Every structure is written in structure tokens, then in C-alpha cells.
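Working notes for the structure below.
The values are calculated or read from the model by the stated rules, or taken from the named source; none is laboratory data. For clarity, every value in this text was computed on a predicted model and none was experimentally measured. All Cβ positions, even for glycine, are placed from backbone atoms using ideal geometry, and neighbour counts span all protein chains on display.
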Amino acid sequence: MLLNLWNSVLRAEIKSTKPFIRTTEFLWQEGHTAHATDKEAEKEVMDILHLYKRVMEELAAVSVLIGKKSDSEKFVGAVYTTTLEAMMPDGKAIQMGTSHHLGQNFSKPFEIRFLGEDGEMQFVWQTSWGISWRVIGAAVLEHGDDKGLFLPPRVAPIQVIIVPILFSSQNTEMVLKKCSEIQSSLSSLGIRVHLDSRDNYTPGWKFNEWELKGVPVRIEIGPRDVSSGSAVVVRRDSKEKQSVGFEELSVSVQSSLEEIQDTLLKKSVARLKERTSEASSFEELSRIIEEKEGFVGGYWCGSLDCENKVKEKTGADIRLIPFEQPNRDESYCLVCNEKAKSFVYFARAY
């Protein structure tokens, strides 16, 4: 049984609230599934986790690390929790989504059973997973700049804004007609395009407004552009201006949108790498957290005492235990120096 829900949630958040990141009410997508076997449930957990990873990276252009939560950080009642963790430009981590393996920890007390192929009643194996509009908040934090929002093209409500450049009333009809033609041409290709034909704002004012709203590509068309058969195309990321002929405009815009999407993800990947360090001692971990922040990888013995000590002294907690563990014969906990069980990533978080 597979249930997918899109709904709002109310949670008792009364302090440290931040728009999209942590609010009393939020919108999310959540799933609840029941399976005949443990193996099927485990597959569901990982399938959803990797699907979420594609959403973060291919749509929101936010690079993430994936792995398991420690037992103290996992969903209460879960066998284990898998997580997606991103690193924001200010050095703080953000949990982008989770996928939980619940085992039979809920089906047994609530007697959720099915008739098996052997004719016997059996308890189901369950999973639960979800992402919220925190993904939007992370994209805003990751890509925004001093000019405002910068939305990745694949998720931007408006991918292209057309701004007419009007100097006199006699050229208005000619320019607006060409703008409308281009709007129709781009729309027919599935591009989300808007024509800002308002006559009570100057072109410069409109430029600033649409940059503030994060539209990836701007097209400027004035009387001289119509006469020359070209338009000025401006990219939100590089601010690069390019004169493009009307015949090549559709191809050029499509190419720019894909290049911008690719550039944003590459920047996110580079930032994640730059914000990831490794420590071999508690002192080194504390210093990096204080001076650089970001993810700090290190070995951990699995002890709750060591986990709590890091959190109490540095404000950082274990964000995830990566699936891919370093191949080392001998490793020791950076807190107590006892033999380590896992390589983990610590970070301060939202």
C-alpha cells in the first residue's frame, strides 16, 4: 500500500522561526507505505531517498550529502532514518528531507496486518518519508545574492521576462507587437515567459524588480531592436548582455536556461566541497566549527556521551553517517580516542 500526500502541517514552533525553514505551519509532501517484507520496505526507503536527491540537485540545484541519522537523531520509533543534508553559504547545514524505515515498530502495537501467501495473518513492514517547502528556503539561501532572489530555471515560475523599451508613443504599438510575438514563440516551446507591458514604470525599475524576483533571463526589446531584427538577452547569473537575432532567439534562450541551471548546480557542488573539512581530534573539530563552520568529518565510537559532548561544547551535532565509509583498518573516535564505529559529519544547523 502506497500513500502520497500533499498537505499542510501545524507544529508547535514558537521560537527561532524562519520563513520556509522553520515555521508553525508549513506545506509538505509526505508518504506512508506498507509492505509484505522487510526487503521491500528497505528498497522503498532508498528509492525515495535517491528520488529526493534528484529533486534537490536536478531541480533546486542544491547539492546534498546522503546517509543515515544517528540513533539519537533518527525519527522516534524508526528502525533507522536516512537523510539529505545541504550546506548553506553561511556555513550552517539544513536537513532537506528524510526517508524512514519503520520496520514493524508501528504495525505490531497497532495490529496492522495482511493475509500472507501462506494463508497466515502477518504484520506489515512500513516506511515514511517527506520533504517540505524547506527546499524552497534552501534554494533561496543557496542562490540568492545582493540583488534578491535567484531561482533555478527549472523551478522558476517565470523563466523569462520580456521588457519593452519605449521612448515615444508612436513606437509603442510596433514594439509591443514584436514582444507579443516573441512571448507566443517562447510559450509554444514550453518556456514560462511573461511580458511586462506596464506603462507606469520605467524599464530600469522593471529590470530591478524582476532581478529581485529571481527571473533567470531578461529580454529587452526597443524600437531600434525591432528595426535591426534582434533583441538584447540578459542572464541573471552573469549579468552578461548579448544581442540575439529574432530567428535565433528561441534556441539561444533555451540554451541559456540550461546553462544557468548547470552553473548553479556546479557552484553548489563547489561550495559544498569547500565547506567540508575533516578533523582527527576534538580540539581540531572545535576550531573548524568555530572558525569555518560547514561540515566537519570525523570518526565516532557510536557513544551517545561523545555525541552529546560535541553538541554541548560546539553547538554542532551529527548530521549524517554517510553510506560510503572510508576504507581504513584502524580509526579512533575524535572525542574519546576509543576505536571508532563510523565516519560521520558534524555541523551546526538551522
With the checklist (1) crowded, with 18+ Cβ neighbours inside 10 Å; (2) closer than 23 Å to residue 50 by Cβ; (3) out of contact with any Phe, Trp or Tyr (no Cβ under 9 Å at 6 or more places or on another chain) in hand, flag the one item residue 154 doesn't pass. (1)
Looking at 308, 337, which is the one that is of a type in the set (S, T, N, Q) and on the phi > 0 side of the Ramachandran plot? 337
Give the number of residues within the range 324-350 that are touching a residue at least 24 places away in the same chain (Cβ under 8 Å), more than 22 Å from residue 274 (Cβ to Cβ) and not acidic (Asp, Glu). 9
List the number of the failed condition for residue 79; all other conditions in (1) buried (at least 21 other Cβ atoms within 10 Å of the Cβ); (2) aliphatic (A, V, I, L, M); (3) touching a Leu at 6+ places or on another chain (Cβ under 9 Å) hold. (1)
Do we have any residue at all in the range 110-130 that's in contact with a Phe, Trp or Tyr (Cβ under 7 Å, 6 or more places away or on another chain), among the small types (Gly, Ala, Ser) and closer than 30 Å to residue 254 by Cα? no
In the range 2-55, the residues that are free of Cβ contacts under 8 Å to residues at least 60 places away in the same chain and either crowded, with 17+ Cβ neighbours inside 10 Å or closer than 22 Å to residue 107 by Cα (or both): 2, 3, 4, 5, 23, 39, 42, 43, 46, 47, 53
Does residue 184 satisfy the condition of being modelled with pLDDT under 95 and either in contact with a Ser or Thr (Cβ under 9 Å, 6 or more places away or on another chain) or not acidic (Asp, Glu) (or both)? no
The conditions are (1) surrounded by fewer than 22 Cβ atoms within 10 Å (Cβ to Cβ); (2) polar (S, T, N, Q); (3) not in a loop (DSSP other than H, G, I, E, B), and residue 99 fails exactly one of them. Which is it? (1)
In the range 289-298, is there at least one residue being under 30 Å from residue 346 (Cβ atoms), over 21 Å from the mean Cα position of the chain (by Cα), outside the structural domain of residue 73 (by TED's automatic domain parsing) and among the hydrophobic types (A, V, I, L, M, F, W, C)? yes
Hey, any hits in the range 198-207 for a residue that's out of contact with any Gly (no Cβ under 9 Å at 6 or more places or on another chain), under 26 Å from residue 138 (Cβ atoms) and either at pLDDT below 95 or surrounded by 18 or more Cβ atoms within 10 Å (Cβ to Cβ) (or both)? no
Among the residues of the range 162-184, how many are farther than 20 Å from residue 229 by Cβ and either in contact (Cβ under 8 Å) with a residue 60 or more places away in the chain or not assigned by TED's automatic domain parsing to the domain that holds residue 257 (or both)? 0
Working only within the range 116-151, note down all residues that are among the polar types (S, T, N, Q) and surrounded by fewer than 18 Cβ atoms within 10 Å (Cβ to Cβ). 122
Quick one: in the range 204-237, of everything that is among the hydroxyl-bearing types (Ser, Thr, Tyr) and out of contact with any helix residue (DSSP H, G or I) (no Cβ under 8 Å at 6 or more places or on another chain), which residue is nearest to residue 59 (Cα to Cα)? 228
Working carefully through the options 70, 168, find the one that is surrounded by fewer than 18 Cβ atoms within 10 Å (Cβ to Cβ) and hydroxyl-bearing (Ser, Thr, Tyr). 168
Might you let me know whether the range 131-149 holds any residue that is farther than 15 Å from residue 218 by Cα, of a type in the set (S, T, N, Q), touching a residue at least 12 places away in the same chain (Cβ under 8 Å) and touching a strand residue (DSSP E or B) at 6+ places or on another chain (Cβ under 8 Å)? yes
